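Just below is one structure, and these are the notes that go with it.
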Amino acid sequence: MQRMHGFHWLSIVMAPAGLVKAEPILRRVQTRIFAFPANSAGTAACRPHRINLPISRPSPWGTLLLYIFSLAWYALPMEPYELIRSRRKSLALEITPEGCLLVRAPLRLSKARIEAFVAAHDAWIEKHLETQRQRAALRPPPPTEAEIQALKERARAELPGKVAYWSEKMGVAPTGFKVTAARKRYGSCSAKNSLCFSCFLMNCPEKAVELVVVHELCHIREKNHGPGFYALLERYLPDWRERKKLLSMN
């Protein structure tokens, strides 16, 4: 799977008094590009920005201070957010590619601590909301239904020949072929060796299209992305790393 983006993850810790202490426990910002999870050929959705906070039990004084600061924070305007509770042990903020703020919290954590956490990171929230707004403004308009149908017809006309050519060359036999309008993956290979391709693959250069076809055919023999998979891919496409740079989900 080719990921055409990076994401930032910043963790912070809770001070003993129960107040938020903005101290990164990771001393670097991690940017991951072009990860290859198992059994897929591409994703292009922008990864959300996240910030994560482990929860600790506040002391009585910490609870009092948290309450006082919360009263002050409530008087200030706060970015609207969607609260998602689950059986987790940490608080997390997430900015989605659509520019929405999500707050993930433990099931029984008080609303006051959640609100305090959100308010304490208003600068982080505003920064990454603005980043996502700028990205959204640069994105092309979504394709029309007619354009999607045209891409599907083109994919159904061109991809079977490529699949047949490379299948014979690699000595593999896919059990099925399907074209969809998926926007997150260029292709996939099922456990039963049936291939599925996104019609948006047709917006990519010819060499990139071949890479996705060969990538999925390799999964007929190697279901994961271990050393055997990459050895097989390099055997048939020694320049696959350069081809990967040509992929872009449009």
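Rule-based calculations on the coordinates, nothing more; no lab input. Here the structure is a predicted model, which means the values were calculated and not measured. Virtual Cβ from ideal backbone geometry, glycine too; neighbours counted across all protein chains shown.
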Which of ILE125, LEU247, ALA146 sits farthest toward the positive end of the charge dipole of segment 110-250, with +1 on the Cβ of Lys and Arg and -1 on the Cβ of Asp and Glu? ILE125
Among the listed pairs LYS162/LYS244; LYS184/LYS245; LYS127/LYS244, those beyond 24 Å (Cα-Cα): LYS127/LYS244
Looking only at aspartates and glutamates whose Cα falls under 16 Å of LYS207's and that sit 8 or more positions away or on another chain, we get GLU158, GLU216, GLU234, ASP239, GLU242
Within straight cross-link reach of LYS111, meaning Cα distance under 20 Å, which lysines are found once same-chain residues fewer than 8 apart are removed? LYS21, LYS89
Hey, how much of the P(r) for segment 73-152 falls beyond 22 Å, as a percent of Cα pairs? 41 percent
As an exercise, use a Förster radius of 22 Å and the Cβ-Cβ distance of TYR230 and ALA157 to find the FRET efficiency, rounded to the nearest 0.05. 0.10
Using the Cα gyration tensor of segment 82-236, the equivalent ellipsoid's semi-axes, largest first and to the nearest Å, work out to 41, 21, 14
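Using the reciprocal of the averaged 1/r over all distinct C-alpha pairs, how large is the Kirkwood radius of segment 145-244 in Å? Walk me through the numbers before you get to the answer.
Working: mean 1/r = 0.0733 Å⁻¹.
Value: 13.6 Å, from the Cα pair sum.
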